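Enquirer: Just passing along the structure, written as structure tokens.
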Amino acid sequence: MVARRDAAIARGAARLTAVAIASGKGATVTDVDGNTFIDFAGGIGTLAVGHAPQDVVDAIRRQSEQLLHMCSIVATYEPYVAVCERLNRLVPGDHAKKTVLLNSGAEAVEAAVKIARAHTGRQALIVFEGAYHGRTNLTMGMTSKYALFKKGFGPYPSEIYRLPFPNLYRRPAGMSEDAYLDHCIAQFDHALVAQVAPEAVAAVVVETVQGEGGFVPLPPRFAEHLRARCSEHGMLFVADEVQAGMSRTGRLFAIEHYGLVPDIVVCGKSIAGGMPLAAVTGRADIMDAPHPGGLGGTYSGNPVACAAALVALDSLTSPAFLERASAIGEYVRAHLERLQARFPDLIGEMRGLGPMLAIELVKDPVSRAPAPELTNAINAETLKRGLITIRAGLYSNCLRFLPPLTISDEQIDEGMAVLAEAIAAAQAGPA
């Protein structure tokens with residue numbers, strides 16, 4: 001099957017593994033040869049409620065028998081309205097809110113930008129180093145990692161201003177965390193003079209936890225500063241929670257850990273239990289700024305995806321699910337701390353928020369030089385042993401952990417034992 005894929009599918013649609021999957025259930029997948037793998041990749045964050053949860057499957061089946069597609073531009077149907085009503089209640093903020101549904105995270109980020117520009121009458125965007133916002137032309141322009149996502153695809157849109165994101169692990173040697181945050185805050189304020197005037201900025205778009213950037217959480221003091229500056233200057237604070245949202249951090253939205261209310265929240269990935277759906281939710285007056293017909297798409301808010309989302313959201317918002325997600329975070333963190341103690345020369349940092357965790361692999365702990373080759377070797381070794389892991393990070397030197405949040409402690413223990421073996425094998429090199 002993999003050979004057929006390589007022959008039939010464009011090279012740019014890369015694959016990270018040579019596994020061909022036949023089915024999945026819970027936190028495991030089974031390949032076409034009958035091998036079962038523990039899945040620590042979780043569809044790159046789309047499977048918080050697990051592979052093929054029965055209630056989601058049942059909802060998809062029921063909806064598919066009633067209405068497969070209509071297009072929300074043509075007519076209204078219950079699942080679309082119900083998802084928007086639910087998100088309006090769930091997104092932080094006591095103000096009146098409205099929502100629009102899209103197919104993917106990139107589409108949703110782009111829609112958020114259109115909404116922000118229509119509301120403010122401004123064009124400029126502020127984004128950050130390490131950011132990933134999507135693969136459309138606009139969102140590629142907003143994305144930071146050049147070689148993997150952007151090379152050869154320009155030109156990119158203008159009026160995008162990229163500023164440093166506080167990565168505490170990679171702060172200058174000898175600088176304290178507080179001094180480094182002071183420096184990053186000063187850089188942000190300086191950019192509002194040296195790069196773009198705040199009255200020209202429609203939105204500051206930031207991931208609450210950087211995903212492709214290596215699971216770097218937004219430092220609370222920096223987040224508070226962004227919120228304050230946005231409020232002061234009429235810039236919209238847009239939280240990109242496509243990967244960090246939907247209970248991935250132990251809260252439905254990662255921004256809930258900060259006690260801040262964004263003007264717009266973008267979500268996707270796990271919202272529909274593996275079906276393609278994303279959403280933009282914000283203050284009603286902001287969301288109503290675009291003219292009728294300015295938002296939407298043929299498949300945006302497809303009824304089958306919406307039906308799946310309504311059931312997935314029941315799980316994602318339940319106290320028991322959120323409590324278990326937090327417990328998974330603590331359990332996996334303890335495993336990773338033990339791994340870091342065992343391999344102190346290789347694992348430079350373990351970081352994340354709740355169960356959204358990653359380790360950064362380095363060539364040595366002093367220079368902190370990235371070790372992408374080691375990262376690839378570890379992923380190859382885990383795969384040999386029945387565990388799916390994937391990379392992340394600006395330098396492709398992080399392992400990210402996005403298992404379904406239905407995973408058991410026993411499956412975590414088994415997966416982490418495999419990971420320890422894989423790291424040791426990769427460190428030793430070819431036999």
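The values are calculated or read from the model by the stated rules, or taken from the named source; none is laboratory data. If you're wondering where the values come from, they're calculated on a predicted model, not measured in any experiment. For neighbour counting, all protein chains shown are included, and Cβ atoms are generated from backbone atoms with ideal geometry for every residue, glycine included.
Enquirer: Considering Asp39, Asp33, Asp55, Asp6, which residue is among the charged types (D, E, K, R) and crowded, with 18+ Cβ neighbours inside 10 Å?
Expert: Asp39
Enquirer: So which residues in the range 348-392 are in contact (Cβ under 8 Å) with a residue 40 or more places away in the chain and assigned to a loop (DSSP other than H, G, I, E, B)?
Expert: Gly354, Pro355, Arg368, Gly386, Thr389
Enquirer: Could I ask something else about it? Determine which member of the set Gly213, Gly250, Gly245 is touching a Pro at 6+ places or on another chain (Cβ under 7 Å) and part of a loop (DSSP other than H, G, I, E, B).
Expert: So the residue among Gly213, Gly250, Gly245 that is touching a Pro at 6+ places or on another chain (Cβ under 7 Å) and part of a loop (DSSP other than H, G, I, E, B) is Gly250.
Enquirer: Here's a follow-up. Restricting to the range 37-64, count the residues that are closer than 27 Å to Gly214 by Cα and either outside the structural domain of Ile388 (by TED's automatic domain parsing) or not aromatic (Phe, Trp, Tyr) (or both).
Expert: So the answer is 13.
Enquirer: Name the residue that is surrounded by the most Cβ atoms within 10 Å (Cβ to Cβ), counting only residues in the range 230-239 that are touching a helix residue (DSSP H, G or I) at 6+ places or on another chain (Cβ under 8 Å) and closer than 20 Å to Val266 by Cα.
Expert: Ala239
Here's the yes/no breakdown for (1) free of Cβ contacts under 8 Å to residues at least 24 places away in the same chain; (2) in the same structural domain as Met287 (by TED's automatic domain parsing); (3) of a type in the set (A, V, I, L, M):
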position	(1), (2), (3)
Val193	yes, yes, yes
Val204	no, yes, yes
Gln210	no, yes, no
Ala223	no, yes, yes
Arg229	no, yes, no
Gly234	no, yes, no
Arg248	no, yes, no
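Enquirer: Does Ala131 satisfy the condition of being assigned by TED's automatic domain parsing to the domain that holds Arg171, touching a strand residue (DSSP E or B) at 6+ places or on another chain (Cβ under 8 Å), under 21 Å from Val100 (Cβ atoms) and of a type in the set (Gly, Ala, Ser)?
Expert: On the way: assigned by TED's automatic domain parsing to the domain that holds Arg171: yes; touching a strand residue (DSSP E or B) at 6+ places or on another chain (Cβ under 8 Å): yes; under 21 Å from Val100 (Cβ atoms): no; of a type in the set (Gly, Ala, Ser): yes.
Against the criterion (assigned by TED's automatic domain parsing to the domain that holds Arg171, touching a strand residue (DSSP E or B) at 6+ places or on another chain (Cβ under 8 Å), under 21 Å from Val100 (Cβ atoms) and of a type in the set (Gly, Ala, Ser)), Ala131 does not qualify.
Enquirer: Using beta carbons and a limit of 8 Å, which pairs, at least six apart or on different chains, have the first residue in the range 398-424 and at positive phi and the second one modelled with pLDDT of 95 or more and surrounded by fewer than 24 Cβ atoms within 10 Å (Cβ to Cβ)?
Expert: That search, which allows pairs on different chains as well, returns nothing.
Enquirer: Please determine, by comparing only the residues of the range 398-416 that are in a loop (DSSP other than H, G, I, E, B) and under 17 Å from the mean Cα position of the chain (by Cα), which one is surrounded by the fewest Cβ atoms within 10 Å (Cβ to Cβ).
Expert: Filtering the range 398-416 for residues that are in a loop (DSSP other than H, G, I, E, B) and under 17 Å from the mean Cα position of the chain (by Cα), the one surrounded by the fewest Cβ atoms within 10 Å (Cβ to Cβ) comes out as Pro403.
Enquirer: Within the range 41-65, can you find the residues that are more than 27 Å from the chain's Cα centre (by Cα) and in contact (Cβ under 8 Å) with a residue 60 or more places away in the chain?
Expert: Correct list: Arg62, Gln63, Ser64.
Enquirer: So, in the range 171-215, exactly how many residues are surrounded by fewer than 17 Cβ atoms within 10 Å (Cβ to Cβ) and polar (S, T, N, Q)?
Expert: 3
Enquirer: State yes or no: is Ser231 modelled with pLDDT of 95 or more, under 22 Å from Val304 (Cβ atoms) and assigned to a helix (DSSP H, G or I)?
Expert: Against the criterion (modelled with pLDDT of 95 or more, under 22 Å from Val304 (Cβ atoms) and assigned to a helix (DSSP H, G or I)), Ser231 does not qualify.
Enquirer: Could you check the range 259-310 and list, in sequence order, the residues that are more than 23 Å from the chain's Cα centre (by Cα), β-branched (Val, Ile, Thr) and surrounded by fewer than 20 Cβ atoms within 10 Å (Cβ to Cβ)?
Expert: The answer is Thr298, and nothing else.
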